[in-house]
1. Conditions first: (1) over 24 Å from the mean Cα position of the chain (by Cα); (2) free of Cβ contacts under 8 Å to residues at least 12 places away in the same chain. Arg367 passes all but one, so which condition is the exception?
2. Going by the structure shown, is Arg277 among the charged types (D, E, K, R) and near the ligand (Cβ under 10 Å from one of its atoms)?
3. Filter region 223-276 for residues that are of a type in the set (Lys, Arg) and either touching a strand residue (DSSP E or B) at 6+ places or on another chain (Cβ under 7 Å) or not assigned by TED's automatic domain parsing to the domain that holds Arg348 (or both) and give the result.
4. Do we find a residue being assigned to a helix (DSSP H, G or I) and polar (S, T, N, Q) anywhere in region 183-190?
5. For region 222-266, which residues satisfy the criterion of being in contact with a helix residue (DSSP H, G or I) (Cβ under 9 Å, 6 or more places away or on another chain), near the ligand (Cβ under 9 Å from one of its atoms), open to solvent by 20 Å² or more (accessible area, probe 1.4 Å) and part of a loop (DSSP other than H, G, I, E, B)?
6. If you go through region 14-32 one residue at a time, how many are more than 21 Å from Asp102 (Cβ to Cβ), without any contact (Cβ under 8 Å) to a residue 60 or more places away in the chain and open to solvent by less than 60 Å² (accessible area, probe 1.4 Å)?
7. Could you name every one of the strands (runs of 3 or more DSSP E) located completely within region 1-112 that has at least 1 residues being of a type in the set (Ser, Thr, Tyr)?
8. Which residue pairs have Cβ atoms under 7 Å apart, sit 6 or more places apart or on different chains, and have a first residue in region 257-285 that is acidic (Asp, Glu) and at pLDDT 95 or above and a second that is more than 8 Å from the ligand (Cβ to nearest atom) and not in a loop (DSSP other than H, G, I, E, B)?
Amino acid sequence: MNGHVVTGNSDLIRKWNRSLVLDLIRRQGPISRADVKRITGLNFTTVTNAVGDLVEEGLVQEVGLGTSSGGRKPVLLTLNPTARYVIGCELQSTLLIVGIFDLTGRLIIQTEEPKDPGTSPADVVAATSRAIDALLAEANIPKEKVEGLGVAAPGPLNSRTGVLLTPPNMIGWRDVPLREMLEKATGLPVTIEKDGNAAALGEVWFGAGQGVLDLIFIIVDAGIGGGIITGGHLYRGRHGGAGEIGHTTIDVDGPRCSCGNYGCLEAIASGFALSRRAGEEIRRGVDSVLAQHGAGDTAIDVHHLLEAASQGDKLAADLLDISGRALGIAVANIVNMYNPELIVLGGRLAQHSDAVLERALELGRNRAFSVLSQDVRIVPSALGDQFLLAGAAALVLAGLFRGPVDLSPAEL
Ligand SMILES: [Zn+2]
């Protein structure tokens, strides 16, 4: 189906066939056993056994009868969306969001609590575990029905080992074995990906990227990150660091970046960069409503900027224009490098500022090699403010269904 040859381990083959059948029923149900056999190419016994297992586990239900092509009318199969649930967790430096989704990706319930950049890993793990228990109790869902916990966390991190390396803006966090800690605390299987990767995967599963094989997601918020899906697979690179779009150089003589380099996209176009720039301008005496928040490097949040711009503040509008222009150049570079079908922009600066989005679209097209930019689609995330939480949940669904994006083919 996707080129992986599995031989010699009947348990793995059975698991793989089970996921193949389950994913087909998810995508094309209601569907008959005969059509499952025809489309997957599996033999009848294998399909019958896999469907039997799935019905017994409650994941698949038999509904009504299809039209007969002569003979008995076939029984149709559909996914039972509430047979299992998945939990998504969005971990940010100042926010922790946990949500429960059904198997179709419908968000059932969520909670968020503010945290501090200095909150310790142990406290974050305890808060996550508490939130999960409270949500399950409130939604009346037994923990046995939870398939797993997916976590979208700040990179850099090693998704294979589940260790967060040196997340910026998480004070005191270094080489934190977050997956192991969460598995111990919650008793659930845990999958961790950096936020950009989770966002890209979420968009493919639930958002604007459904059916798209080559997609790049760019998060433009306080920081800037990205994720790459190529040929239907998450592209991680050698150390899992692929997609660090925020640290591509946009201006060789530009301002210093948190990574130590100069002129990175993040140092010019991110919320942090715009806050620092606003502080400089205010200290220089530029008149702006932003001055009410102070003139320190981190005094002005993204929402202050968006609000000021909507009130007609010139400094805020100029800053958003700078962000959009730099983002547009980055988009053009991405178009040239990857020739993607779709570029999705998420994060408050891209989703809530028309100025940033329009600038990025315009320059992203005009500055890219024309043949490649002709039919590339550049759109804001279809998942609104939930693109990261949904992406976290998609990590678990990808494992269950082995859907359009394969999480870890090497481990099959
Ligand atoms: Zn940088």
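1. Unmet for Arg367, out of (1) over 24 Å from the mean Cα position of the chain (by Cα); (2) free of Cβ contacts under 8 Å to residues at least 12 places away in the same chain: (2).
2. So Arg277 does not fit the description; no.
3. Arg256, the sole residue that qualifies.
4. Scanning region 183-190, I find at least one residue that is assigned to a helix (DSSP H, G or I) and polar (S, T, N, Q), so the answer is yes.
5. Matches in region 222-266: Glu244, Thr248, Ser258, Cys259, Asn261.
6. Residues flagged as more than 21 Å from Asp102 (Cβ to Cβ), without any contact (Cβ under 8 Å) to a residue 60 or more places away in the chain and open to solvent by less than 60 Å² (accessible area, probe 1.4 Å) within region 14-32 amount to 2.
7. Where strands (runs of 3 or more DSSP E) fall fully within region 1-112 and carry at least 1 residues being of a type in the set (Ser, Thr, Tyr), they are 75-79, 85-91.
8. What qualifies is Glu266/Ile224; Glu266/Ala273; Glu281/Leu315.
The values are calculated or read from the model by the stated rules, or taken from the named source; none is laboratory data. On a predicted model such as this, the values are computed, not experimentally measured, just so you know. Positions of Cβ are backbone-derived with ideal geometry, glycine not excepted, and every protein chain shown enters the neighbour counts. To get the accessible areas, we keep the full protein, side chains included, count just its heavy atoms, and leave off ligands, DNA and RNA. Shrake-Rupley method; radii C 1.70, N 1.55, O 1.52, S 1.80 Å.
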